[in-house]
Every structure is written in structure tokens, then in C-alpha cells.
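**Q** Sharing a structure with you now.
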Amino acid sequence: MTYLIVDFEATCCDAGSVPRNEMEIIEIGAVALDPKSLRIIDEFERFVKPQRHPLLTNFCASLTSITQRDLDRADSFPEVLKSFQAWIGQFENPVFCSWGNYDKNQLLQDCRYFKVPFPFDEQHINIKQRFAENKGYRKGMGLGRAIKTMGLTFHGTAHRGIDDARNMARLAPHIFS
């Protein structure tokens with residue numbers, strides 16, 4: 001088994017111009033964790049060119065630090081998903097993990113929209129929930145707060161897929177042990 005901690009960034013807007021059901025993945029960030037050592041053994045990061053709302057909103061650019069240029073140079077979701085599936089395929093019994101259920105639901109939504117197969121089996125670990133349960137918290141918290149609660153400093157840029165995935169991996173001893 002290999003834990004694959006995945007974080008997606010998606011098109012968004014604080015003014016309602018991008019409805020929730022039309023949000024699209026614009027970055028895939030993922031790390032593979034060895035289940036014994038809980039160390040990162042590989043990483044995957046790609047930008048994705050959105051189709052329904054191809055122009056990034058100012059809100060989204062500000063939130064994620066992703067630029068329009070990053071997305072204009074990117075491949076479409078079906079193309080990036082093929083690369084992601086190839087990456088997933090190199091691991092024995094990959095287990096999809098994410099901070100909450102948003103990422104799983106966003107991936108399901110994009111796979112349906114683009115009519116491509118979902119790249120994981122049924123198993124999904126909500127590591128936000130597992131972290132809260134393992135630490136005795138009644139409810140989950142945001143990733144930044146969880147990092148701070150454990151006495152750590154957030155590395156990288158919040159709301160960047162790869163940086164969020166790396167920071168989730170830093171919490172692995174509090175999630176998987």
C-alpha cells in the first residue's frame with residue numbers, strides 16, 4: 001500500500017461568476033507516502049487548463065498564486081489526468097487521501113464532465129477527519145490551523161496543491177499511526 005495525499009486547486013470566484021458545479025481543477029498536487037516510514041517517496045504536480053471558465057478570476061489568482069500564464073501553458077484535464085494515472089499506477093495499492101472530501105468530489109465532478117474514468121478505486125481516506133479523531137478534536141480544522149496546532153510552520157504557499165500536499169504529509173504521524 002502507498003498513501004497518495006492529493007490536493008486540487010480549482011477555478012473559483014468570490015462574486016459568484018464560477019458556480020460550484022462549474023469549478024474545474026487547475027492544479028493537481030500529490031505526494032506518495034511510504035506507509036511504514038511515512039516519508040515522501042515521490043511527487044506529482046501539474047497545472048490544468050480550465051475549459052468552462054478559462055480566464056482565472058482575480059480572487060482565484062490571489063488565493064492560489066496561480067497565474068493565467070500558468071494555465072494558458074497547461075494541458076487539458078483529460079491529458080493531465082492521463083499523466084496522473086500513469087503516476088498513480090507505479091504504486092502498489094495506492095490509497096487516495098485528501099484533507100476533507102472536497103478533493104474527491106471535485107475529481108469526481110471533473111471526471112464526469114470530461115467523460116473520463118475516475119483514477120482511484122472506492123477507497124478514500126479523509127485525513128482531515130482522521131487527524132481530528134486521532135487528536136481528540138470534536139470537529140476538523142483547516143490545514144493551516146492543524147499545522148500550527150502541532151507546533152509546525154506552514155511550508156510554501158497555502159492553496160497551492162503541491163505545497164498543501166507536502167504539508168499534509170508532515171502531519172502523517174498524527175494521521176496514520
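**Q** Taking the Cβ-Cβ separation of C13 and D75 as r and a Förster radius of 22 Å, what is the calculated FRET efficiency to the nearest 0.05?
**A** 0.45
**Q** Could you tell me what a quarter of the Cα convex hull surface of region 2-175 works out to, in nm² with one decimal place?
**A** 9.9 nm²
**Q** Have a look at E92, E133, E45 and tell me which one the Gaussian network model of the chain (Cα, springs below 10 Å) gives the largest fluctuation.
**A** The residue with the greatest mean-square fluctuation here is E92.
**Q** Please say if region 1-73 is rounded, prolate or oblate, where rounded means a/c under 1.5 for a ≥ b ≥ c the square roots of the C-alpha gyration tensor eigenvalues, and otherwise the choice is prolate for a/b larger than b/c and oblate otherwise?
**A** prolate
**Q** Relative to the longest principal axis of the C-alpha atoms of the chain, give the angle of the C-alpha long axis of helix 102-114, reported between 0 and 90° and rounded to the nearest 10°.
**A** Once rounded, the angle reads 30 degrees.
**Q** How do 12-21, 53-62 rank on mean C-beta neighbours within 10 Å, highest first?
**A** Per-residue mean Cβ counts within 10 Å order the peptides as 53-62, 12-21.
**Q** Between E27 and residues 5 or more places away or on another chain, which pairs have amide H atoms under 5 Å apart, with H built 1.01 Å from N, and which residues are they?
**A** Here the answer is E9, V48, since their amide H atoms fall under 5 Å of that of E27.
**Q** Moving on to the next point. What is the angle, in °, between the Cα long axis of helix 161-170 and the longest principal axis of the Cα atoms in the chain? Nearest 10 is fine, range 0 to 90.
**A** Once rounded, one gets 0 degrees.
**Q** Take every DSSP beta bridge with both residues inside the chain and express the antiparallel ones as a percent of the total, to the nearest 5.
**A** 60 percent
**Q** As I understand it, the value is the acute angle between the Cα axis of helix 77-89 and the longest principal axis of the Cα atoms of the chain; what does it come to in degrees, rounded to 10?
**A** 20 degrees
**Q** What ranking do R112, R170 get, fewest neighbouring Cβ atoms within 10 angstrom at the top?
**A** Exposure proxy ranking, most exposed first: R112, R170.
**Q** By count of other Cβ within 10 Å, fewest leading, how are S65, S37 ordered?
**A** The most exposed by this proxy come first: S37, S65.
**Q** Calculate one ³J(HN,Hα) per residue across region 8-17 by plugging θ = phi - 60° into the Karplus curve 6.51 cos²θ - 1.76 cosθ + 1.60, and present them in order as whole Hz with x for glycine and proline.
**A** 10, 10, 9, 4, 7, 7, 8, 10, x, 6
**Q** Related question: So what's the projected area for region 1-43, the Cα convex hull averaged over all directions, in nm²?
**A** That works out to 3.9 nm².
**Q** Count the net charge of all other residues whose Cβ sits under 14 Å from the Cβ of V18, scoring Lys and Arg as +1 and Asp and Glu as -1.
**A** Net charge in that neighbourhood comes out at -3.
Read-outs throughout are calculated quantities, based only on the coordinates presented, and are distinct from any laboratory measurement. Just so it is clear, the structure is predicted and the values come from calculations on it, not from any experiment. Positions of Cβ are generated from backbone atoms using ideal geometry, with glycine treated the same way; all protein chains shown enter the neighbour counts.
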